[in-house]
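Just below is one structure, and these are the notes that go with it.
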Amino acid sequence: MIQLGIRLHDTAEQEIGKRLAQVKADGFSCVHIALAKMAGLPKETEALTPGYAMWLKNVFARAGVDAAVLGNYQNLAHPDEAELRKIKARYAAHLRFASLMGCAMVGTETGAPNAAYAYDKEANHSDRALEILIKNLSDVVRDAERFGVILAIEPVYKHIVYDPKRARQVLDAVASPNLQIIFDPVNLLDPDNLDRRDEVIESAIELLGPDIAMIHLKDYVMEDGKMKAVGCGLGEMDYTRILKFAKERKPYIHATLENTKPDNAAFCRDHILNIYNNL
């Protein structure tokens, strides 16, 4: 059975214990937590102490909810060396924190070779950008190995790791069991490749399937020629192949809904579970 969850910052804002209790009451078993997006929780690197981690671990345990992934979406291809050192230190702190709070995975995207973390197709999709990412990612993965935590990268079309083939290159170059994949099918899509949607998704499953540690689920609609992310069942996405893969090859995998709102999360949950249960 898939373990369906939600991004904690997409739920109604309240004290975290009550927030997690509501998550449980709403039928979710896990959450994606990003400290930077959680009002009322410490988020600075120096605040990520063992005491804070153990306090958070107990809050999750009381609610009976898994912390599926600790999000830390920093730019590992930042061109400024001083800033890059701070970014790597923040990854190390998150990996240490995750190990202490009972969260097996720190999740990240793969950045851009500019300080603004901006989409520049030629630069982001270049071989040089990939070289920079692999070098810096390798350093962070060594920390993941030391702390016994998975670092999971999320391929995104507008970032450096923009397709399944490129993600496979990264996995093979770093060559660590502590580097795995968060599979967000919509993030692999763009107006540039939307006509090949099924092919892109099938390629991801074929090339990355053994290394997929978590699934993110959202939908999309087209507005003025651009893709806009929305909650599952509110757009044009077909989840059949993705959920079939999860059911057949990834029993009990964590899968978190994205881009939900408190008033549509139950609908999005039921939409995914109805497809999954009828496969």
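The values are calculated or read from the model by the stated rules, or taken from the named source; none is laboratory data. Computed from a predicted model, the values in this text were never measured in an experiment. Cβ sites come from the backbone with ideal geometry, for glycine too, and all protein chains shown count toward neighbours.
Annotations
- Residue satisfying condition, being surrounded by fewer than 19 Cβ atoms within 10 Å (Cβ to Cβ) and either free of Cβ contacts under 8 Å to residues at least 40 places away in the same chain or in contact with an Asp or Glu (Cβ under 8 Å, 6 or more places away or on another chain) (or both), within set 177, 155, 164: 177
- Look at the range 24-42: where a residue is of a type in the set (S, T, N, Q) and a partner is surrounded by fewer than 13 Cβ atoms within 10 Å (Cβ to Cβ), sitting 6+ places away or on another chain with Cβ atoms under 9 Å, you get 29/64.
- Cβ-Cβ under 7 Å pairs, at least 6 apart or on other chains, the range 182-203 side hydroxyl-bearing (Ser, Thr, Tyr), far side part of a helix (DSSP H, G or I) and surrounded by 17 or more Cβ atoms within 10 Å (Cβ to Cβ): 203/164
- Flag if residue 61 is surrounded by fewer than 17 Cβ atoms within 10 Å (Cβ to Cβ), touching a residue at least 60 places away in the same chain (Cβ under 8 Å), on the phi < 0 side of the Ramachandran plot and more than 20 Å from the chain's Cα centre (by Cα): no
- Subset of the range 42-96 (residues that are within 21 Å of residue 216 (Cβ to Cβ) and part of a helix (DSSP H, G or I)): 60, 91, 94, 95
- Selection from the range 264-279 of residues that are charged (D, E, K, R) and buried (at least 16 other Cβ atoms within 10 Å of the Cβ): 269
- When the range 214-263 is filtered for residues that are in contact (Cβ under 8 Å) with a residue 40 or more places away in the chain, assigned to a helix (DSSP H, G or I) and surrounded by fewer than 17 Cβ atoms within 10 Å (Cβ to Cβ), the ones remaining, listed by number, are 241, 247, 249.
- Look at (1) in a helix (DSSP H, G or I); (2) closer than 13 Å to residue 110 by Cα; (3) of a type outside the set (Gly, Ala, Ser) and you find that residue 151 fails only one, number (1).
- Count of the range 109-140 residues which are surrounded by fewer than 23 Cβ atoms within 10 Å (Cβ to Cβ) and either touching a residue at least 60 places away in the same chain (Cβ under 8 Å) or β-branched (Val, Ile, Thr) (or both): 3
- Residues of the range 52-69 that are touching a helix residue (DSSP H, G or I) at 6+ places or on another chain (Cβ under 8 Å), under 14 Å from residue 21 (Cα atoms) and small (Gly, Ala, Ser): 63, 64, 67.
- Going through (1) touching a residue at least 12 places away in the same chain (Cβ under 8 Å); (2) touching a helix residue (DSSP H, G or I) at 6+ places or on another chain (Cβ under 7 Å) one by one, residue 83 falls short only on (2).
- Entry remark, the range 183-233: residues being closer than 17 Å to residue 255 by Cα, in contact with an Asp or Glu (Cβ under 8 Å, 6 or more places away or on another chain) and charged (D, E, K, R) number 3 in total.
- Residues that are touching a residue at least 40 places away in the same chain (Cβ under 8 Å) and either over 20 Å from residue 72 (Cα atoms) or aliphatic (A, V, I, L, M) (or both), drawn from the range 1-23: 1, 2, 3, 4, 6, 12, 16, 17, 20, 21, 23
- Residue that is nearest to the chain's Cα centre (by Cα) [pool: residues in the range 180-204 that are of a type in the set (Val, Ile, Thr), closer than 21 Å to residue 275 by Cβ and buried (at least 20 other Cβ atoms within 10 Å of the Cβ)]: 182
- Subset of the range 26-54 [over 18 Å from residue 65 (Cα atoms) and modelled with pLDDT of 95 or more]: 36, 37, 42, 43, 44, 45, 46, 47, 48, 49, 50, 51
- Which numbered condition residue 79 misses (of (1) over 25 Å from residue 181 (Cβ atoms); (2) within 17 Å of the chain's Cα centre (by Cα)): (2)
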